[in-house]
Structure formats: C-alpha cells, structure tokens
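Q: Let me begin by handing over the structure; questions about it come next.
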Ligand code: NDP
Ligand code: 8X3
C-alpha cells in the first residue's frame, strides 16, 4: 500500500471522481475538490472516510477561497505527492461570432487562472516532496475545430504551461505531464450544452467513447512510473475518433 497523497481538483464528477477512486484503490490518500459538497462528502465516505480522503469545497476561480481551502488541509494530508489539475469546463459549441463573452471568461477563469493559481500555491510543497503535476489539457489543445475557439485555446495554454513547468522544475525532481484526451463520456457535454441530453446522446451514441476510468488508469500509470521517468504529453482518443480533412469554404459561383 502507498503512503502517498494526491490532490485532485474537480473530483465531484467525471475524470476527477474516477482518478480519486483509482489512486485510493492503490492505497493513496486523496484530497478531493469541487463546488458540490454533497458529492465530495459521498466520495470521501466511499473512499474510506476521513482518514483516507478529505474534501475541500471551493470555487477554483476564487483565489482567496483556494488559499483558505489549501491552508485548511489537515496535517495528515498535507504532504502532497501529486497534484492533478483536472477541474475545468467548456461552455458553448457555437462559432466565435455568436459566442457569449461571459462564457469565454468563465472558461479562462476556470481552465487557466484557476489552474495556475492552485499550481503556484502548491509549488513549494510539490518541490519539497519531489512530486508530480498532471494537467488535464485536451485534443482541443492540438486540433482546432469549429466551435472550439476559446475552450481549445485554454487547453493550449495548459499544454504549454505544462512544458514551461517541466523546464523550470526538472532540476527539482518534479515531474509534469499534460494529458490530452479526445472524446470522453462525462457530464462535460451536459455542462457545455447547458444540460442538453439530446446533444449528449447524439455525441456519444454509437461512438464507444473513452470513459473516465480510462483517463484515471492512464494517470495512475503516469504516477506509478519510476521517479526518473517523465511523460511530457499524452494524447488519448477512443479508437472510433480520428482526423478529418481540412474544411474548405467555397464561394458560390
Ligand atoms: P465533468 O464536467 O464531468 O467534471 C468537471 C469537474 O470540474 C467537476 O468536478 C466540477 O466540479 C469541476 N469544476 C468545474 N468548474 C469548477 C470551478 N469553478 N471550481 C471548482 N471545480 C470546478 O468533466 P470531465 O471530467 O469530463 O472533465 C475534466 C477535465 O478534463 C476538464 O478540465 C476538461 O476540460 C478535460 N477534458 C474533458 C474531456 C471530455 O471529453 N470529457 C476531454 C478532454 C479533456 P463542481 O461542478 O462540483 O465544482
Ligand atoms: C474535450 C474534448 O474534442 O470536445 O476536451 O474538445 S473536445
């Protein structure tokens, strides 16, 4: 059994919940975060109660709340060996010219500002533990698609920030990985579409998409490699998903 501890953001659903379960199964203690307290409480209970898991309820966009939550981590969870920056979201699927500016700002505040804030606040202790940082980027960091606009750009930031962290932290023994999944079935699509179950069914239907457990397995593998091995970037898709030709707009003759 491991005596290590992972802090996983966005563990009330999807990837984060599955990652917490996977690490806990191997004996890691977990600190799990999100805004939905009821879900965190249920997860803490499921994972063995307050000696094995600890929930932190805060909005990752709120620096003061993030600082206060981290400061309140009980001593027995306070040596963090792995930070999994998973909390994030997409909002909207329309073209840039139709998008809601507030939704763009929410994605930037969550996926970029929230992620860099918690990372910076935890860097000293991750250096002290010669720890691991896993950042959830996306295939959208690498491949633009119609309607991906700001979401994809936030994930390109996450990817490049991960590489920059690698450069700065390699002498400290801290590993940094950018995980870049393609289509994966989770509440992500309900959040993105404002709760459109038909859109969810259409996207995932018949596609045999990735499941949160596939991402959790991959991240656990990254974490369990020897300390001298760093996976820099890892792009993962379901077999059913691949590339399409460039779109070409042609003027009507
Ligand atoms: P889910 O919607 O299932 O889960 C998102 C998690 O992020 C929830 O736990 C949610 O918690 C948390 N979160 C969102 N906003 C905030 C906030 N302001 N403060 C605190 N926590 C927040 O999505 P996934 O599990 O699918 O996605 C996880 C990550 O993986 C995201 O970064 C996403 O961009 C990325 N990703 C997803 C893919 C997919 O196809 N599903 C593919 C590639 C990458 P709560 O609402 O309780 O606060
Ligand atoms: C989620 C995958 O293709 O919807 O990051 O952008 S995608």
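The values are calculated or read from the model by the stated rules, or taken from the named source; none is laboratory data. Computed from a predicted structure; not experimentally measured. Neighbour counts are summed over all protein chains in view; Cβ atoms, including those assigned to glycine, are modelled from backbone coordinates with ideal geometry.
Q: Can you pull out every residue in region 137-147 that is within 7 Å of ligand 2 (Cβ to nearest atom) and within 13 Å of residue 111 (Cβ to Cβ)? Reasoning before the result, please.
A: Our first condition is that a residue be within 7 Å of ligand 2 (Cβ to nearest atom); within region 137-147, this holds for 138-140, 145.
138, 140, listed by residue number.
Q: Would you mind finding the one in 89, 83 that is surrounded by 20 or more Cβ atoms within 10 Å (Cβ to Cβ) and either within 13 Å of ligand 2 (Cβ to nearest atom) or within 18 Å of the chain's Cα centre (by Cα) (or both)?
A: Exactly one of 89, 83 is surrounded by 20 or more Cβ atoms within 10 Å (Cβ to Cβ) and either within 13 Å of ligand 2 (Cβ to nearest atom) or within 18 Å of the chain's Cα centre (by Cα) (or both), namely 83.
Q: Residue under question is residue 238, and the condition is that it be modelled with pLDDT of 95 or more and farther than 24 Å from residue 142 by Cα; does it hold? Reasoning before the result, please.
A: On the way: modelled with pLDDT of 95 or more: yes; farther than 24 Å from residue 142 by Cα: no.
Considered against the rule, which asks whether it is modelled with pLDDT of 95 or more and farther than 24 Å from residue 142 by Cα, residue 238 comes out as no.
Q: Continuing with this model, one more query. State the number of residues belonging to region 150-167 that are more than 11 Å from ligand 2 (Cβ to nearest atom) and either in contact (Cβ under 8 Å) with a residue 12 or more places away in the chain or touching a helix residue (DSSP H, G or I) at 6+ places or on another chain (Cβ under 9 Å) (or both). Can you show your working first?
A: Taking region 150-167 first, the residues more than 11 Å from ligand 2 (Cβ to nearest atom) are 150, 153, 156-157, 159-167.
So of that shortlist, the ones also either in contact (Cβ under 8 Å) with a residue 12 or more places away in the chain or touching a helix residue (DSSP H, G or I) at 6+ places or on another chain (Cβ under 9 Å) (or both) come out as 150, 153, 156-157, 159-163, 165-166.
Residues in region 150-167 being more than 11 Å from ligand 2 (Cβ to nearest atom) and either in contact (Cβ under 8 Å) with a residue 12 or more places away in the chain or touching a helix residue (DSSP H, G or I) at 6+ places or on another chain (Cβ under 9 Å) (or both): 11 in total.
Q: Please determine whether any residue of region 40-56 is crowded, with 17+ Cβ neighbours inside 10 Å, touching a residue at least 40 places away in the same chain (Cβ under 8 Å) and part of a loop (DSSP other than H, G, I, E, B).
A: no
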